[in-house]
Amino acid sequence: MFQAKPITFQLESSQVAFAASYLQGIAFDHYTTLLRFDPNNPVLSNWLAFTQEFLSKFGIFDTVVEAEENLFNLQMCDNERFMTFIVQFEREAYKTGWNYNALQFALCRALPQRIKDVLRLTPKQTTYDGYKVLVTQVDQRYWEDHSKNMAPQTSWNTSGNTNWQARATNGI
């Protein structure tokens, strides 16, 4: 960002002020406390001092562990589409550095029962990409069938010969 606008961010204090504008919560409170009670603190004007201060106090110490925890807690909802879920899953998965076998195992664990039930009937996929393709197909078929079952169907009531009425019924 700073290299894209070298004139705007020529001074390190401008870089610090810009980054500080994104602080929230306790990190923002810490920054405003420094501004108020210690305005000459180098953290407020020196980029390296600022990043060291805020990363050591508020930064993520181990992004891999955080990604693993996020991945472990990630669960695809029954009413969620796989393509939406896989984006969230892979955002965390690739941060872990896990091999494809481990990712496939984690992905299987995170799937809803409606998908796992169908996967039990299919040949086992040997690659992570093949597994994703299969899950995508299963999920797409589920939503196709789901939309067909949810579509209103028209039935005609012809009793009385003079009153033709169309009524929508739910095809579930």
- Task: For the range 36-59, name all the residues that are under 14 Å from Gln15 (Cα atoms) and surrounded by fewer than 13 Cβ atoms within 10 Å (Cβ to Cβ).
- Result: Leu48
- Using beta carbons and a limit of 9 Å, which pairs, at least six apart or on different chains, have the first residue in the range 76-92 and farther than 18 Å from Ser147 by Cβ and the second one outside any loop (DSSP other than H, G, I, E, B) and aromatic (Phe, Trp, Tyr)? Met76/Phe82; Met76/Phe85; Met76/Phe89
- Note on the structure: How many residues of the range 71-81 are open to solvent by 60 Å² or more (accessible area, probe 1.4 Å) and closer than 16 Å to Phe105 by Cβ? The answer is 3
- Subset of the range 4-35 [open to solvent by 60 Å² or more (accessible area, probe 1.4 Å) and of a type in the set (S, T, N, Q)]: Thr8, Gln10, Ser21, Gln24, Thr33
- Tally of residues being of a type outside the set (Asp, Glu) and within 25 Å of Trp143 (Cα to Cα) across the range 72-105: 19
- Could you say whether any residue in the range 82-102 is among the β-branched types (Val, Ile, Thr), open to solvent by 30 Å² or more (accessible area, probe 1.4 Å) and modelled with pLDDT under 95? no
- Task: Quick one: count up the residues across the range 103-137 that are out of contact with any Asp or Glu (no Cβ under 8 Å at 6 or more places or on another chain), free of Cβ contacts under 8 Å to residues at least 40 places away in the same chain and in a helix (DSSP H, G or I).
- Result: 19
- Of all residues in the range 110-143, which are open to solvent by 70 Å² or more (accessible area, probe 1.4 Å), farther than 14 Å from Ile86 by Cβ and not hydroxyl-bearing (Ser, Thr, Tyr)? Gln113, Asp117, Arg120, Leu121, Pro123, Lys124, Arg141
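The values are calculated or read from the model by the stated rules, or taken from the named source; none is laboratory data. What you are looking at is a predicted structure, and each value in this text was computed from that prediction instead of being measured. Note: ideal-geometry Cβ built from the backbone for every residue, glycine included; neighbour counts use all protein chains shown. Protein only, heavy atoms only, side chains kept; ligands, DNA and RNA dropped before computing areas. Shrake-Rupley method; radii C 1.70, N 1.55, O 1.52, S 1.80 Å.
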